[in-house]
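The values are calculated or read from the model by the stated rules, or taken from the named source; none is laboratory data. All of these numbers come straight from a predicted model, not from anything done at the bench. Because the Cβ atoms are built from the backbone with ideal geometry, glycine has one as well, and the counts that use them run over all protein chains shown. Note: accessible area is taken over every heavy atom of the protein model, side chains too, but ligands, DNA and RNA are not part of it. Shrake-Rupley method; radii C 1.70, N 1.55, O 1.52, S 1.80 Å.
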Amino acid sequence: MSEGHRIIGRNLRKIDAIDKVTGRTRYADDVVLPRMLYCKLLRSPVAHANIKRIDLSGALAQEGVVAAISGETMPTAYGILPVSEDEHALCIDKVRFIGDPVAAVAAETEHAAELALDAIELELEPLETIGSVEKAINTPEPRIHPGNRRGNIHKLVSLEFGDIEQAFAEADHVEEGLFHYGGNTHLAMEQHAAVADWSPDGRLTLWSSTQTPHYVHRVLAKVLDLPAAQVRVIATPNGGGFGGKTDPFNHELAVCKLAMLTGRPVKICLTREEVFYCHRGRHATLIQARTAVKRDGTITGMHFRTLLDGGAYGSYGVASTFYTGALQTVTYEVPHYRFDGGRLFTNKPPCGPKRGHGTPQPRFALEIQLDRIAAALRIDPADLRLQQIQPANSLTSNYLRIGSIGLAKCIKTVVEASGWRERYGKLERGRGLGLACSSYLSGAGLPIYWNEMPHSAATVKLDRGGGVTVFCGSTDVGQGSDSVLAFVVAEELGIDPYQIRVVTADTDLTPVDLGSYSSRVTVMTGHATRQAAAAARERVRSGVAEKLAVSGEQITFADGKVRVAEKGIELAFAEAVAIAEARHGTIVTSGSYKPPETAGKFKGAGVGPSPAYSYSAGIVEVEVDEQTGFVTPIKVWMAHDIGQAINRSAVIGQVEGSVYMGLGEALMEEMVYREKRNLVHKIPSMLEYKSLTSLEMCEVETFLIEDPDPNGPYGAKEVGQGPLLPMPPAIANAVYDAVGVRVDMVPVTPSRVMAALDAAARGKAPRHGPERMPQVSWPEPTRVTPPWAGGDGHAQRPGSGKQAS
Amino acid sequence: MLVDKITVNLKINGLATELRVPPQKTLLEALREEAGLTGTKHGCELGECGACTVLINGSPQLSCLVLAAACDGAEVLTIEGLANGPELHPLQSAFAELGAAQCGYCTPGVLLAAAALLVRNPSPTRDEIRQALSGNLCRCTGYLQIWNAVERAAEQLRTR
């Protein structure tokens, strides 16, 4: 338990835990309304085609079918980012991947709806499919999005901080390499589900398993052409999200439209196969990385190029692209830095944000590259990192403002716990240790749509019976955000957290929180809730002070009591509230939070800033079977700089869950499409899309490093995403320590390990990974003078710097 | 084609229950849609994830792979019947206290698989726990807090 806090920092049961262990939690598919219809979507069986004709009459003639719709009923385009509103609720002119929805049916039973899909006549005119980033670059036509400016190139960005050529010229050693990070998906246990209810007075209500009810609210109003005030979105507790439920989805719009047309509630629950088509997961990314160092290992510059396979729609992709270049600078000092990133449209399910959003891919390359540099310069990989950690309270060369940084302590802790000094490089062949570090945002500094309003807000209501309710738009996706609200309010009011009622994620009842993404909730709702609760406490304090004729400072709040120690007075919390209510009227207070202004002023500076950055260092021990290429994780030591834990057991659960998901990405999880068979998804099932079971998961020893951040509530920072990032490079580095070969690809599959071992045996470079980077005409970079060189955060005027190489 | 419903008699959580279900309905669907017991979850409906695990005559089964009609006369235990009235099963308390339920969606299935394990083996080793739960996917916890909770519950059951 942390100094001076009663609740913050303890191990506490989550406030919704009893509901979860008794089956009482009501997820979206558990919502049942009278007269409810069931919806099914007809999805494209072809990866890229023009729609020639859709005839719904066969479906409408089926028994039990009440309504059927196609794309023209919802012609308004939408998308999560205002810069890429390229989706329609149901496809209108063309289909862009296998699984793209073209029609929706509502029927009396799910079975009847399913049967009706077979009776829809869909005539498609197939187009050439684009299945890879290379093909997308080299095949400008046919365009997947006819309105796109540059053929099938969705986005190209280029940024340069300092003088990258000079940095490489001054270096004693340069590491250059190509890496590929496979695409993978969230695989939340809960399939997406939604229920819409339309009332003839013009009110629409949607219950949905979404991480972002506020953004869904905006899109429903826009596409359905309803006043936002007439639309209510309730995010049900998510059965896992990991970023997979942060876009507004076709099925959400379809059930709303069908409810409006039929006047009856309409439900949909996607099949697992459909969840694979919704995707929005990790972008498969090709990375070209160059790192320049001095003889002692000091980094002088870095140049990263990334090519992201975006799939068929924009989604969060522009942000994802920037994120593949944003956070390379926040762990170690990088004085000169250049980043070029490109996202391509392909005829695959759209990619988007998954745990770590765009940052695990470059982190994989960076941490392997540091391992190679350490080997080349004969420096211990831990020391190489420790000697150049970004200072606390500093600005990085790309204008990210670092507050607290517990990375050095994280590294030292796992080095000590794992016996690194005695064992690294010294284990028997086939056993290895690998180290990697990372950092992640505690919430994005800017909202998804430009506005100056708070990112998070909360209200607290005190009842004269002593009841306390906190209202907040945040969405519990399993990470425990509802509990964070209760613990913060309990801390501020000195009451039992289990007496607090939490009302969340309901656009009619709760003030806006932007959503459960970018690890923003603890920091942002934490601040807003703390402010609201403190205001409520002060209201009680002044009421009691006046009534008892004491000074406010003499009053303390703890253990469900309000005390004036000097006078020996002790009131139950409820009594104190009643006194204050008599004085002030009913007590309802609010708080809101907006992140600090970003330091970067150049175009592209919006992605990367955060109120605070978490840090992680992980070491994994593996066993590598040289006969099969099988990599078995034996144990993980993970230290995470959380700033200040709000609830220790929940934080440890997030660390362990991140390690688990990182191991899955490192070893087996991958979205695979049949390139020669029309880009059909090879494995859209939980059986064949491999993830770690209870048998493959290894023991994890977690260490929480608490270096409070000035921008965090009580000093707290994020934990939900950061600890995933070290795992893929740590595994690859451990494989190298075990058998001396590099696998520069994720997942590190047995066949890839064997390929690297074979290469080594044949006297070739002991490595397996991508061999070439497609040619791209990168734009002239936006050049920014780094802060250490006197920059003010603005881009240099074009032509004032050097010419592009 | 829509077909007539049939009658299935089950003992669900100790209560004799007569359900009218379409013959193609699985036990999972019958429990959730006909009996109103939505505590049993589904993640795939193909027998891949374990979320729908219930106990049929004491044995953990995937309710998405069993037709309701095939269960006529069986005793079925779902998450709603795991607690003894208002008193939580030690597994439920341990899961709640130790953070073994994050999003909670796999939790009912995991709890029932674990409950069956502790009946047949009151002192399971860590590896036996991992083996018994290997058919239940969890995407949140990394399984560690689940293993810890099963160990704690086993200890509590033994010392009762």
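Under 5 Å between amide H atoms, partner at least 5 residues away or on a different chain: which partners does A:ILE634 have, H built in plane at 1.01 Å?
Under 5 Å from the amide H of A:ILE634 lie the amide H atoms of A:GLU621, A:VAL622, A:GLU623, each far enough along the sequence or on another chain.
Which listed residue (A:CYS472, A:MET189, A:GLY301) has the Cα farthest towards the positive end of the charge dipole for the protein assembly as shown, taking +1 on Lys and Arg C-beta and -1 on Asp and Glu C-beta about the Cα centre?
A:GLY301
Could you look at chain A and say what percent of its accessible area is carbon and sulfur, using a 1.4 Å probe and all protein chains?
49 percent
Just want to confirm a number: the relative contact order over chain A, from Cα pairs under 8 angstrom separated by 6+ residues, in percent.
The value is 16 percent.
Heavy-atom accessible surface, probe 1.4 Å, ligands and DNA/RNA ignored: which residues of the range B:59-100 lose at least 40 Å² versus the isolated chain?
B:LEU88, B:ALA96, B:GLU97
Give, rounded to the nearest 20 debye, the magnitude of the charge dipole that chain A has about its Cα centre when Lys and Arg contribute +1 at Cβ and Asp and Glu contribute -1 at Cβ.
Using only the charged Cβ atoms, the result is roughly 760 debye.
Sort out for me the Cα centre separation of the range A:362-381 from the range A:183-252, rounded to whole Å.
Going from one Cα centre to the other spans 43 Å.
Once a ≥ b ≥ c are taken as the square roots of the eigenvalues of the Cα gyration tensor of the range A:664-712, is the result rounded (a/c under 1.5), prolate (a/b larger than b/c) or oblate (a/b not larger than b/c)?
It is oblate, given that a/c is not under 1.5 and a/b is not larger than b/c.
Considering only C-alpha atoms, what is the centroid distance from the range A:125-169 to the range A:515-593, in Å?
Taking the Cα centre of each part, the range A:125-169 and the range A:515-593 sit 55 Å apart.
Which percent of Cα-Cα pairs in the range B:1-159 sits in each 5 Å bin, short to long?
P(r) over the range B:1-159, rounded to whole percents: 2, 10, 19, 22, 19, 13, 8, 4, 2, 1, 0, 0.
At a 1.4 Å probe, which residues in the range A:175-220 are at least 50 Å² less accessible with all protein chains present than in their chain isolated?
SASA drop of 50 Å² or more in the range A:175-220: A:MET189, A:GLN191.
A:LEU60 versus A:LYS547, label points 7 Å from Cα toward the beta carbon: distance in nm?
My value for the distance between the label points is 6.6 nm.
Taking a probe of 1.4 Å and counting only protein heavy atoms, give the total accessible area buried between chains B and A in Å², rounded to the nearest 100.
4100 Å²
Determine the residues within the range A:680-724 where the difference in accessible area between the chain on its own and the full set of protein chains amounts to at least 40 Å²; count protein heavy atoms only and use a 1.4 Å probe.
At a threshold of 40 Å² (probe 1.4 Å), the residues of the range A:680-724 that become less exposed are A:MET686, A:THR693, A:SER694, A:LEU695, A:MET697, A:GLU699.
So, for the protein assembly as shown, what is the accessible surface per residue at a probe of 1.4 Å, expressed in square angstrom?
34 Å²
Semi-axes of the range B:6-81's equivalent ellipsoid from the Cα gyration tensor, sqrt of 5 times each eigenvalue, largest first, rounded to whole Å?
Taking √(5λ) for each eigenvalue gives 17, 14, 11 Å, largest first.
Rounded to the nearest percent, how much of the accessible area of the range B:90-158 (1.4 Å probe, protein heavy atoms only) is carbon and sulfur?
Accessible surface attributable to carbon and sulfur in the range B:90-158 totals 46 percent.
For a paramagnetic label modelled at 7 Å from the Cα of A:ARG423 toward its Cβ, which residues of the range A:683-708 fall within the zone defined by backbone nitrogen distances under 16 Å?
Of the residues in the range A:683-708, A:698-703 have backbone N under 16 Å from the label point off A:ARG423.
Under the classification rounded if a/c is under 1.5, otherwise prolate if a/b is larger than b/c and oblate if not, where does the protein assembly as shown fall, given a ≥ b ≥ c as square roots of the Cα gyration tensor eigenvalues?
Since a/c stays below 1.5, the shape of the protein assembly as shown is classed as rounded.
Any chance you could give the angle, 0 to 90 degrees and rounded to 10, that helix B:144-158 forms with the longest Cα principal axis of chain B?
90 degrees
Calculate the length of the line joining the C-alpha centroid of the range A:255-273 to that of the range A:697-753, in whole Å.
Computed from Cα coordinates, the inter-centre distance equals 41 Å.
So, in nm, how far is label A:ASP496 from label B:THR7 when the simple model puts each one 7 Å beyond its Cα toward the Cβ?
4.9 nm
Where in the range A:422-477 are there trypsin sites (Lys or Arg not before Pro) that are in a DSSP coil and have at most 15 other Cβ atoms within 10 angstrom of their Cβ?
A:LYS426, A:ARG429, A:ARG464
Using the structure shown, list the pairs from A:LYS412/A:LYS603; A:LYS155/A:LYS690; A:LYS155/A:LYS348; A:LYS354/A:LYS717; A:LYS14/A:LYS267 with a Cα-Cα distance above 27 Å, or answer none.
A:LYS412/A:LYS603; A:LYS155/A:LYS690; A:LYS14/A:LYS267, as the Cα separations exceed 27 Å there.
Each label point is 7 Å from the Cα along the Cα-to-Cβ direction; what then is the distance between the points at B:GLU155 and B:GLU87, in nm?
Label-label distance for B:GLU155 and B:GLU87, simple model: 2.1 nm.
Given the convex hull over the Cα atoms of the range A:669-805, what projected area results after averaging over all orientations, in nm²?
16.1 nm²
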